[in-house]
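Structure first, commentary second.
The values are calculated or read from the model by the stated rules, or taken from the named source; none is laboratory data. The shown structure was predicted, so the numbers you read here are calculated from the model rather than taken from an experiment. So basically every Cβ, Gly included, is an ideal-geometry build from the backbone, and we count neighbours across all protein chains shown. The area values use the complete protein model at the heavy-atom level, side chains included, leaving out ligands, DNA and RNA. Shrake-Rupley method; radii C 1.70, N 1.55, O 1.52, S 1.80 Å.
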Amino acid sequence: MAEIKVPELAESITEGTIAQWLKQPGDYVEKGEYIVELETDKVNVEVISEEAGTIQELKAEEGDTVEVGQVIAIVGAGGEAKATPDAKEEAPKKEENEEKTKEPSVEEAPVKEDKKNRPIASPAARKLAREKGIDLSEVPTDPLGRVRKQDIEAFSNKPAEAPSKPAAEAKKAPAKKDDGKPVVREKMSRRRQTIAKRLVEVQQTAAMLTTFNEIDMSKVMELRKRKKDKFFDDHDVRLGFMSFFTKAVVAALKKYPYVNGEIDGDEIVLKKFYDVGVAVSTDDGLVVPVVRDCERKNFAEIEGEIMELATKARNNKLSLGDLQGGSFTITNGGVFGSLLSTPILNGPQVGILGMHKIQLRPVAIDKDTMENRPMMYIALSYDHRIIDGKEAVGFLAMVKDLLENPEDLLLEG
């Protein structure tokens with residue numbers, strides 16, 4: 001017999017939620033095969049079986065919160081793993097004696113039927129179904145018999161029909177407030193709860209302030225337009241704006257080191273490395289994977305790593321290592337159309353740069369001339385406990401100057 005325990009997840013993570021059981025009691029597993037998916041505060045982790053055998057017992061259900069070291073399943077060792085198939089083979093031999101086989105077969109039927117009819121669904125689909133209180137067995141499947149996230153969403157938006165299953169309909173019915181107005185309650189995911197907690201903590205513990213500037217993006221856009229095709233041919237990755245901003249940020253952090261710092265008790269930790277977090281929006285909330293050693297990477301390496309991390313984030317494949325240890329963060333609300341915002345610090349970091357939508361605006365070229373230019377507002381939120389306004393304004397002005405003169409940025413890189 002072997003116990004499946006919740007593994008050590010990370011230094012700051014002590015518990016998780018059972019997102020999906022990949023195996024059920026009676027299923028045979030190989031050593032190293034995944035049996036359960038855990039949702040943690042930061043990433044989803046798949047847990048393997050350390051021994052080959054049959055799943056004897058599941059000690060937690062999907063949606064349960066479990067702690068590191070807790071036993072969540074029992075796996076029978078090799079010999080026991082084969083006992084169940086052998087027993088099933090013997091069952092037909094006993095059909096001659098109806099008195100002996102009638103009762104066991106009735107008991108076993110529901111178990112077999114339950115396993116057979118258990119819907120095939122992605123982790124995202126199961127999670128959404130739990131949040132919306134939807135029974136997966138009621139959701140129409142795709143042609144391959146799978147339930148996808150979009151199937152759950154379509155099912156939840158379907159107009160209510162005559163109630164043939166009162167219990168199921170009761171789950172989907174909006175809750176009623178005291179004044180009779182309809183509301184819908186959804187349980188916050190573990191990740192959303194963690195995001196909410198951390199954002200409130202930052203607001204309560206940091207002396208956060210935001211300063212703004214604006215960038216004329218004309219020269220960056222013109223340079224990108226000229227170079228993007230050759231860049232893609234040479235590096236097989238598209239030249240975006242993030243590599244320009246990342247390089248500009250690294251140069252500014254070198255000149256203003258306190259923006260790359262951290263407060264530890266009564267000490268200031270000045271980081272001599274430049275690991276830049278890039279905020280990525282996913283269905284489960286915002287995550288901030290980290291691009292390491294940005295001062296050593298060229299534009300293509302930065303663009304390629306950002307694309308890879310963003311893909312992993314949206315496919316729920318980020319590891320804890322992808323998310324830990326950043327020194328500064330860049331967030332781009334402009335991809336959603338945001339014109340201006342005040343980003344919240346990604347603690348314990350003391351600085352975060354907010355990018356925004358590029359929009360044509362009239363700009364005074366001189367006292368007699370106005371031109372429409374592609375302008376972007378940028379915002380630096382910072383912890384005023386260790387960063388003074390002079391440093392913050394200087395940092396933002398340097399980012400602006402480098403992006404308005406991208407040749408200088410290439411030299412800095």
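Observations on the structure shown:
- Residue list for segment 250-268, filter: more than 14 Å from residue 391 (Cα to Cα) and within 28 Å of the chain's Cα centre (by Cα): 250, 262, 263, 264
- Per the listing 358, 344, the residue uniquely open to solvent by 20 Å² or more (accessible area, probe 1.4 Å), of a type in the set (A, V, I, L, M) and either over 29 Å from residue 286 (Cβ atoms) or at pLDDT below 95 (or both) is 344.
- Inter-residue pairs, beta-carbon under 7 Å, first at positive phi and in segment 315-331, second outside any loop (DSSP other than H, G, I, E, B) and modelled with pLDDT of 80 or more, 6+ apart: 325/290
- Odd one out for residue 191 among (1) modelled with pLDDT under 85; (2) part of a helix (DSSP H, G or I); (3) open to solvent by 30 Å² or more (accessible area, probe 1.4 Å): (3)
- Cβ-Cβ distances below 6 Å connect no pair with a first residue in segment 198-217 that is under 14 Å from residue 341 (Cβ atoms), a second residue that is at pLDDT 95 or above and exposed (fewer than 14 other Cβ atoms within 10 Å of the Cβ), and a separation of six or more residues or different chains.
- Looking only at residues in segment 361-397 that are more than 13 Å from residue 245 (Cβ to Cβ) and among the β-branched types (Val, Ile, Thr), the one that is least open to solvent (accessible area, probe 1.4 Å) is 387.
- Only residues that are in contact with a Lys or Arg (Cβ under 7 Å, 6 or more places away or on another chain) and assigned to a strand (DSSP E or B) were counted in segment 23-68, giving 4.
- Here the condition is being at pLDDT 50 or above and touching a helix residue (DSSP H, G or I) at 6+ places or on another chain (Cβ under 7 Å); of 52, 2, 73, it holds for 52 alone.
- The single condition among (1) closer than 27 Å to residue 222 by Cβ; (2) of a type in the set (A, V, I, L, M); (3) surrounded by 21 or more Cβ atoms within 10 Å (Cβ to Cβ) that residue 352 does not meet is (1).
- Every residue from segment 240-266 that is within 19 Å of residue 335 (Cα to Cα) and open to solvent by 10 Å² or more (accessible area, probe 1.4 Å): 240, 241, 242
- Selection within segment 310-338 - among the hydroxyl-bearing types (Ser, Thr, Tyr), assigned to a loop (DSSP other than H, G, I, E, B) and open to solvent by 20 Å² or more (accessible area, probe 1.4 Å): 319, 338
- Residue within segment 220-238 that is of a type in the set (Lys, Arg) and buried (at least 16 other Cβ atoms within 10 Å of the Cβ) present: yes
- Scanning segment 398-413 for residues that are at pLDDT 90 or above, open to solvent by 30 Å² or more (accessible area, probe 1.4 Å) and within 32 Å of the chain's Cα centre (by Cα) returns 398, 400.
- Filtering segment 272-287 to residues that are open to solvent by 20 Å² or more (accessible area, probe 1.4 Å) and closer than 28 Å to residue 317 by Cα leaves 273, 274, 279, 281, 282, 283, 284, 286.
- Selected residue (criterion: farthest from the chain's Cα centre (by Cα)) from residues of segment 28-47 that are buried (at least 16 other Cβ atoms within 10 Å of the Cβ) and over 19 Å from residue 315 (Cβ atoms): 28
- Selection from segment 288-309 of residues that are surrounded by fewer than 19 Cβ atoms within 10 Å (Cβ to Cβ) and under 16 Å from the mean Cα position of the chain (by Cα): 307, 308
- Residue list for segment 134-148, filter: at pLDDT below 75 and of a type in the set (D, E, K, R): 142, 146, 148
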